[in-house]
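Engineer: Dumping the structure here so I can ask a few things about it.
The values are calculated or read from the model by the stated rules, or taken from the named source; none is laboratory data. These numbers were taken from a predicted model, which means no experiment stands behind them. Glycine also receives a Cβ, built like all others from the backbone with ideal geometry; neighbour counts cover every protein chain displayed. We work out accessible area using only protein heavy atoms, side chains counted, and drop any ligands, DNA or RNA first. Shrake-Rupley method; radii C 1.70, N 1.55, O 1.52, S 1.80 Å.
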Amino acid sequence: GKGNNGGDGFVVARRLRARGAAVQVFLAAARREVRGDAAEALAGWRGRVEAIDAGPDPGALVRALESAELVVDALLGTGVTGAARGQVGAAIDAINEAGRRGVPVISLDLPSGLDSDRGVAPGPAVKATRTVTFAGLKRALVLQPGAALAGRVEVVDIGIPAEEVARGITTWGLEGDDVRRYFPAREADAHKGRFGHLLIVAGSRGKTGAAVLAGRAALRAGVGLCTIATPASQQPIIAALAPEYMTEPLPETQAGSLALAARERLLELAHRMDAVALGPGLSLDREAQALARALVAEVERPLIADADALGALAGHLDLLRRALGPRALTPHPGEMARMLGGSIETVQGDRLEVTRRFCREHHVALALKGAGTVVGGPDGHVAVNPTGNPGMAKGGSGDVLTGVVGALLARGLEPMAALEAGCYLHGLAGDLTAASRGEIAMIAGDIVETLPAA
């Protein structure tokens, strides 16, 4: 390419030739269009530069790729604003055809054709085997579909001081070291009271499993005590499925969901607890939804809202801004779209900024679930979680996350920290489960049982 990404490519070509490789260089522009630092790098190449013909048959490039053992993609960098066309588009298509035949493709900084901020490809984009990116991660490399196109990503130091790399950054990639500090070894004189008491408000007729998964996950995530508050008729079922948590039977509707009459008892229980998890299997019953709205507004303890509790907030987001305690939300894209009154396509089109705006406007911490879960806080900082896999796209996986995050809130973590640590741990448990059982066969209960290994 004619820009700085192309300049990097000329440097790579020169270094490869110095090490004995046979190198062919193709330029998707006229030589006179290369300027600045890229022009200096081109002058340093001192070798032949071949043209790329636009059109269905980019000629010499296609023939060169037929015998190539490696392709270095240096066409487009971080300045892409639209779809790749002409010579660049033809080159991308030719590179991808070579990649399909098994030729390794290494992209410099990011695969050509990707929007560096949103991780989407407005037109043709290179599918790389590996991406070598400079100084720091680019958003496109951690968001889908960009992450899938990037292959294995390596961040390399090019001499920019660390303080300059981090200056003004408000978007981060989570790593194990970021969450490991939240799981220290326990002291010898530890007792259950030191690790928090979580109240889970969950379950309804036919949806007791959601409450059970959340409760078991909370205990596996280290909470000291866990109580599940559920409709009276469902309490024996939930109590029978695990002996380690406690249960609280509450007034219910004819449909077998929690009744609004349970409000005062739940507020009393919440006041005695360290955190509340609200939503798994709660149902869309009118009274249960009204109860969820009341609890979101009136509980003074940290509260995580998920599943049916998020549906209750659609059209009532003002409750978040006047809530009496800290709030964490864990919507999937459909739930996020319903809360915002928009489309899933809009949410998925710019996951980072949708999350950032919502958290700032409503003063909450939020994890927008999906491939590359985005965690945001009210200060505008967001982080992208790298753990997790498609095998976790099963009913109950979100209930497990709710239990994990609820446990961390009860143990005293701030909502943003609880979401970061919870999403990373949850995804890591999913990855370990997939490694042992496969993505197709794994179920949510497997993730709970793999939390100790994670």
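Engineer: Can you figure out the FRET efficiency of ASP37 with ARG272, using R₀ = 60 Å and their beta-carbon distance, to the nearest 0.05?
Structural biologist: Taking R0 as 60 Å, the efficiency between ASP37 and ARG272 is 0.40.
Engineer: Considering only protein heavy atoms and a 1.4 Å probe, what is the carbon-and-sulfur percentage of the accessible area of the chain?
Structural biologist: Its accessible area is 51 percent carbon and sulfur atoms.
Engineer: Can you give the net charge of the other residues whose Cβ lies under 11 Å from the Cβ of VAL153, counting K and R as +1 and D and E as -1?
Structural biologist: Taking every Cβ under 11 Å from that of VAL153, the sum is +1.
Engineer: Further, regarding this structure: From the protein chains alone at 1.4 Å, what is the descending order of accessible area for TRP45, TRP172, largest first?
Structural biologist: Output order, biggest surface exposure first: TRP172, TRP45.
Engineer: Now, a different point. Shape of segment 375-447 from its Cα gyration tensor (a ≥ b ≥ c, root eigenvalues): rounded if a/c is under 1.5, otherwise prolate when a/b > b/c, or oblate?
Structural biologist: Prolate, because a/c is 1.5 or more and a/b exceeds b/c.
Engineer: What's the local net charge at ARG411, with K and R +1, D and E -1, over the other residues with C-beta under 12 Å away?
Structural biologist: Working: positive: ARG186, LYS192, ARG194; negative: ASP274, GLU414.
Residues near ARG411 contribute +1 overall.
Engineer: A follow-up question, please. Assuming a viscosity of 1.306 mPa s and a temperature of 10 °C, what translational diffusion coefficient in µm² per second does Stokes-Einstein assign to segment 331-454, Rh being the Kirkwood radius over Cα pairs?
Structural biologist: Details: Rh = 14.6 Å.
Using the Kirkwood radius from Cα pairs, D works out to 109 µm²/s.
Engineer: At R0 = 41 Å, how high is the FRET efficiency between THR170 and ARG46 if r is their beta carbon distance? Nearest 0.05 is fine.
Structural biologist: 0.45
Engineer: Quick one: which residues, 5 or more positions from GLU248 or on another chain, have an amide H under 5 Å from its amide H? H modelled 1.01 Å from N in the peptide plane, none for Pro or chain starts.
Structural biologist: Result for GLU248 returns ILE228, ALA229, THR230.
Engineer: For a quick check: with amide H placed at 1.01 Å from N, whose amide H comes under 5 Å from ALA275's, ignoring anything fewer than 5 positions away on the same chain?
Structural biologist: HIS197, LEU199
Engineer: Another one. Within straight cross-link reach of LYS2, meaning Cα distance under 20 Å, which aspartates and glutamates are found once same-chain residues fewer than 8 apart are removed?
Structural biologist: GLU33, ASP37, GLU40, GLU50, ASP53, ASP73, ASP93, ASP109, ASP115
Engineer: Counting only residues 5 or more places away or on other chains, whose amide H sits under 5 Å from the amide H of ALA242 once H atoms are built in the peptide plane?
Structural biologist: Under 5 Å from the amide H of ALA242 lies no amide H from a residue far enough along the sequence or on another chain.
Engineer: Per residue of segment 291-300, what does 6.51 cos²θ - 1.76 cosθ + 1.60 with θ = phi - 60° give for ³J(HN,Hα)? Whole Hz please, x for Gly and Pro, Karplus curve as stated.
Structural biologist: My calculation for segment 291-300 gives 4, 4, 4, 4, 5, 4, 7, 9, 5, 8 Hz in order.
Engineer: Also, I was wondering about something else. Less than 11 Å Cβ to Cβ from MET442, Lys/Arg counted +1 and Asp/Glu -1: what total charge do the surrounding residues give?
Structural biologist: -2
Engineer: Additional query: Just to verify a number: FRET efficiency for GLN24 and GLU353, C-beta to C-beta distance, R0 = 45 Å, to 0.05?
Structural biologist: Approximately 0.65, to the nearest 0.05.
Engineer: Moving on to the next point. Got a sec to turn the phi values of segment 273-283 into Karplus ³J(HN,Hα) couplings, 6.51 cos²θ - 1.76 cosθ + 1.60 with θ = phi - 60°, whole Hz, x for Gly and Pro?
Structural biologist: 9, 9, 6, 10, 10, 10, x, x, x, 5, 5
Engineer: Sticking with this structure for a sec: Can you give the Rg to Rh ratio of segment 89-221, both from alpha-carbon atoms, with Rh computed by the Kirkwood formula? Walk me through the intermediate numbers first.
Structural biologist: Values: Rg = 22.3 Å, Rh = 18.9 Å.
Here the Rg-to-Rh quotient is 1.18.
Engineer: Then there is this: Would you mind working out the accessible area per residue for the chain, using a 1.4 Å probe, and quoting it in Å²?
Structural biologist: Accessible area per residue, the chain: 45 Å².
Engineer: Just tell me which aspartates and glutamates come within less than 13 Å, Cα to Cα, of LYS394; anything on the same chain fewer than 8 places away is out.
Structural biologist: GLU439, ASP446
Engineer: Treating the beta-carbon of each Lys and Arg as +1 and of each Asp and Glu as -1, no other charges, what is the dipole magnitude of segment 218-325 about its Cα centre, to the nearest 20 debye?
Structural biologist: Roughly 160 debye, rounded to the nearest 20.
Engineer: In square angstrom, rounded to the nearest 10, how much accessible surface does ARG293 have for a 1.4 Å probe?
Structural biologist: Per-residue accessible area (ARG293): approximately 60 Å².
Engineer: Can you tell me the dipole magnitude for the chain around its Cα centre, using point charges on the Cβ only (Lys, Arg +1; Asp, Glu -1), in Debye to the nearest 20?
Structural biologist: Charge dipole, the chain, about its Cα centre: 540 debye, nearest 20.
Engineer: So how much slack lies between SER343 and VAL156, counting 0.36 nm per residue of separation and subtracting their Cα-Cα distance, in nm?
Structural biologist: Length difference between fully extended and current span is 63.5 nm.
Engineer: Another question about this same structure. Could you tell me how many cubic angstrom of Cα convex hull volume the chain has per residue?
Structural biologist: Per residue, the Cα convex hull of the chain comes to 165 Å³.
Engineer: Something else about it: Translational diffusion coefficient, Stokes-Einstein: compute it for segment 334-384 using the Kirkwood radius over C-alpha pairs as Rh, at 20 °C and 1.002 mPa s, and state it as an integer in µm² s⁻¹.
Structural biologist: Rounded to a whole number, D works out at 202 µm²/s.
Engineer: Next question, about the same structure. Nothing charged except the Cβ atoms of Lys and Arg (+1) and of Asp and Glu (-1): what's the magnitude of the dipole of segment 78-178 about its Cα centre? Round to the nearest 20 debye.
Structural biologist: On the way: 10 positive and 12 negative charges, 111 e Å.
In total the dipole reaches around 540 debye.
Engineer: Moving on. Work out from phi, with θ = phi - 60° and the Karplus expression 6.51 cos²θ - 1.76 cosθ + 1.60, the ³J(HN,Hα) of each residue of segment 212-219, listed in order in whole Hz, and give x for Gly and Pro.
Structural biologist: Couplings: 5, 4, 5, x, 5, 5, 4, 5 Hz.
Engineer: Name the residue farthest towards the positive end of the dipole of the chain from the options GLY395, GLN348, LEU313, assuming +1 on Cβ of Lys and Arg, -1 on Cβ of Asp and Glu, about the Cα centre.
Structural biologist: Of GLY395, GLN348, LEU313, it is GLN348.
Engineer: Okay, moving on. Using 0.36 nm per residue of separation minus the Cα-Cα distance, give me the extension gain between GLU264 and LYS192 in nm, one decimal.
Structural biologist: 23.2 nm
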